[in-house]
Structure formats: structure tokens, C-alpha cells
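The values are calculated or read from the model by the stated rules, or taken from the named source; none is laboratory data. Everything numeric here is computed off the predicted structure, so don't read it as measured data. Note that each Cβ is placed from the backbone with ideal geometry, even for glycine, and that neighbours are counted across all protein chains shown.
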Amino acid sequence: MVGETLQRRVLAWRARQRAASPAEQGGGPRAIDPNERGDGSRLSIRGRLRQLAGAVCPRAFRQAPWPTVGFHAAAVAVGLVASGLCFREFVISRGELIAGDFGDARLSIAVLEHWYNVFRGLDAWLSPPFFFPIQHVLAYSVTLFLQSLPYSSFRVAGCDPYVAFELTLWLLTQVGYASMIGLLRGLGFRRGFAILGALLFTFSNLFHSRVVPQAYTVMLVPLCCWCMVKGVRAGARHAASAPAWSIAAGVLLSMILFSDFYSGWFLIFFAIIAAGITLVIPGRVAWRALVFVGSNWRSILWLGAAAALALVPFIVTYGPAIATGQARSYAEVMRNAMTFGDLFNVSTRNVAWGWLMRRLDPRYANAGWDYGLPPGMLIAFAASCGLLCSGEQRLARRRGELRAVLLAATAAAVFAVWFLLCRTQSGSLWHLVWRFVPGAGAIRLTFREGRPKPSTVHRTGAGPTPQAGGW
């Protein structure tokens, strides 16, 4: 039935074209050329295709968001190419090489396999089967609960633990890439900038030589923020979906904290700093913030209630350790603190910037400290901060425009966190955070605040791990 309808419309369109041709040949009124615009210029090939689609299915043609389709196609293509480069070793080796080293990767797979057994009713969720007979071992490290959901699905589908682990990391990168695009578009950024921002967030260093698999939880941070933005916008329209978006954001925030304490704690810590900076920005920001809270108090209440309820697993798991006051010593934290030079340490094995790292400092050959941003990205960030100081942006901040305020507050918060994290010969400001901020005593490796760049690979078998050039 549908095929016959389309065929009749195509035949009718061709009949109208044939009927117009004799009138033009006989000297009568000139028929309208369907391949011409109103000014007499010829339509492009794309225009002809759209015109033919309108003749075949006019209703669908009127409703089809052609620019949106192109944007989605470009975003998918860029994401697939970037993820293909990032996980190329896994594909080329036919699953013999996976992300991580012999420490973090094995721990992550063991914890994920524990959750798979928990879902099947074989293990107690607080006591993974290592360090036996000690109980409540899950509190010794990250729980990876959110990662365990796709991991268990892949295991049910028949994948072995190593392949399921790598596919889980790949899926998390796709979620982070797509949700970052949605977040930037939701904040009003242009499509090209949204794709670029998501690309830099998810695949900022495609040829990185180390990775911390458990920190892939950070890929879910844009999804949490995107849910918050959707909840705020739905609340401003008094839409029925506002509570659902707020609840999703609150639950996801607590689950991120439960799955990986580093990612969740630094997210909350950074948000508090950015919020404090926002309130001191001159202009109408403070007043608009109060108006925002007053008009969106229901969404904020739903978010807080959902986050508090979803925090129960975290309290049950880590509550005993918190109650006893266990914490890392400040001396241990400082032994692992980074210097300002580590902000751009991408290791001497980096394909693009390795030559510069070798000239700057031989210490940059230590792949265990290469959590810095590439120099090119730092230069771009500095240039962007310079643009934020322009007169137009200052005027927008005085008017209280949301995007201008968020950009300025986020950039200032980045610098504030850098100064807190880095140490000098005389000491570090992190001592104030370690002493007075709740939860900071559990942080041992402060440099992991910098997001890991996913592309390390190691063999799944036991024994020494051979590394090819540049891996």
C-alpha cells in the first residue's frame, strides 16, 4: 500500500513535468523550471533531491529536520572514527589487547566479575571473593557499580571477562561523547563547537600510554549534568517531565560517587568552587541565582531527595570506614602530588608532543605521571580564557546571561583547582582541603582529578607485557 502510494506520487510529478514541456516549446507561457530558484539560478544537487523528496512525501518533507540529520550524521561519524583510533589495538589484536595495566585492569575485572556474580545470586555484594576470609572487602577500593551494568549484559551475551571489560569501556566513551554533545547543545553552544568539545572531553589524547580503567566513570558526568539542564528547562516550562529529569540527575550523581569515589568527589568539589565563584561575579548573577532557586525549588527538592535516597548504598559500603575516621596521611598525599610542570606532562612517548617532553624534563618519561593536558590544548584553553575577558563577554556577565556566567565561573574554577592540586618546594594549598573538606582525607592520588585519556593496552594473558612503539 505504501509503495503504491509513493509510485502514484512520483508518476503524478513526472506527468506535471511532461505537461509543462509542450507549453514551453510552443511559444506559450514559459513553464516553471523545477530546477530553478525564484531568481533564475539553478538548484544544487542537494536542492533537487530535497525537491524530489517533497514531491514524493510532502508531509514528511515539511517535518524532516534536514540540518539536524546532517549534524547527527557528522557527530556519529566523528565519534566512530575517534573511538576506532582510541580502541584500535583491541580491534587489530582481535581482543588480545585490553586497556589498563596488570594492577588496575585486573582489579577492575575482578570487581566487575564480582558484580556479575552478585546479580546471579552467587556472591554477597559487600564481600568480593578476595582477601578471604576478610569480609566487607568492597569498601577497600572502588565499587564500579555503574560499569557493572553493561559489563554483566555483555557477559550474559556470551563475552568472556576481558572482552566484556573492553566493550564496557568503549560503551562508556560513547555515552560520554554523546551526552557531552547534548549538554553543550543544551547550554546553547553551536553544533560544531559541541562536537569539538565532546571530542576533546572523550578522546583528548588518542595515543596515551597509560589509563586508569576505573576512572572511566567520569564519562557519566556529562550525562548527569545534561539531566540537570533538562530538568531546569522542563521546570521553567512547568512541564510534567521536570521531576523525572531531576530524579535521574540526583540518582546518577550518587551512583557516580558510589561507583568511583574520585570522580564523584571531585565533581562535587569542582561544582562547589564554580558555584562560589559564580556568586561573586559582579552584576545581577546573585539576584538571578535567587530567582532561579525560587522558581525551580521543586526540581531542586526532587534532585536532592533522589540523591539522598540513592546515597544509601554508598553509606552502607563506606560508612564503617568513615565512622572510624580512617584517612590518608598528608605526607602520603604529598608524595603523590603533582607539580605545575605536570599540568602538561603527556609523557615522552606521546606521538605529537613527545619530542617537546624529552627536551623539557627527562622526568616526563615516567608514564605514571602523564595525566597532563597536551600543550596545544592548554594554549587553546588560554586563548579561550582571553576571549572571556573581552568587553562583550564582560557586558554579558553584567547582564547575568547564563552561558557567559557559566563559562567564566568554570574557567576560574579550573585555575583554582590547579592551584590547590599542585605543590611547590614550600608546600601546597591542598593541605587546607585535606584538613577541612569532608572526604578529602580519602584522596591519595590528587593528580587523578585530571581525567584519564583512554588508549592503553596490555595483553590479557599472564607474564611480561610487550609494548609496541608508541603504545
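Scanning segment 223-238 for residues that are assigned to a helix (DSSP H, G or I) and either of a type in the set (Asp, Glu) or surrounded by fewer than 24 Cβ atoms within 10 Å (Cβ to Cβ) (or both) yields Leu223, Cys224, Cys225, Met228, Val229, Lys230, Val232, Arg233, Ala234, Gly235, Ala236.
Within segment 310-350, being exposed (fewer than 14 other Cβ atoms within 10 Å of the Cβ), in a loop (DSSP other than H, G, I, E, B) and modelled with pLDDT under 80 holds for Thr324, Gly325, Gln326. Among residues of segment 369-385 being modelled with pLDDT under 75 and in a helix (DSSP H, G or I), the one that is surrounded by the most Cβ atoms within 10 Å (Cβ to Cβ) is Trp369.
Scanning segment 314-338 for residues that are within 30 Å of Leu378 (Cβ to Cβ) and touching a Phe, Trp or Tyr at 6+ places or on another chain (Cβ under 9 Å) gives Arg328, Tyr330, Val333, Met334, Asn336, Ala337, Met338.
Scanning for something under 24 Å from Met219 (Cα atoms), touching a residue at least 24 places away in the same chain (Cβ under 8 Å) and of a type outside the set (Gly, Ala, Ser), does segment 279-287 turn up at least one residue? For segment 279-287, residues under 24 Å from Met219 (Cα atoms), touching a residue at least 24 places away in the same chain (Cβ under 8 Å) and of a type outside the set (Gly, Ala, Ser): absent.
State all residues of segment 239-251 that are surrounded by fewer than 23 Cβ atoms within 10 Å (Cβ to Cβ) and in a helix (DSSP H, G or I); if no residue qualifies, say none. Steps first, answer last, please.
From segment 239-251, those surrounded by fewer than 23 Cβ atoms within 10 Å (Cβ to Cβ) are 239-244, 247-248, 251; that's our starting set.
Of everything in segment 239-251, those that are surrounded by fewer than 23 Cβ atoms within 10 Å (Cβ to Cβ) and in a helix (DSSP H, G or I) turn out to be Ala242, Pro243, Ala244, Ile247, Ala248, Val251.
Condition check ((1) more than 17 Å from Leu220 (Cβ to Cβ); (2) without any contact (Cβ under 8 Å) to a residue 40 or more places away in the chain; (3) surrounded by fewer than 17 Cβ atoms within 10 Å (Cβ to Cβ)) across all residues:
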residue	(1), (2), (3)
Ser93	yes, no, yes
Leu138	yes, no, no
Ser153	no, yes, yes
Ser179	no, no, no
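Among the residues of segment 294-324, just one is within 10 Å of Gly250 (Cα to Cα) and among the aromatic types (Phe, Trp, Tyr), namely Trp302.
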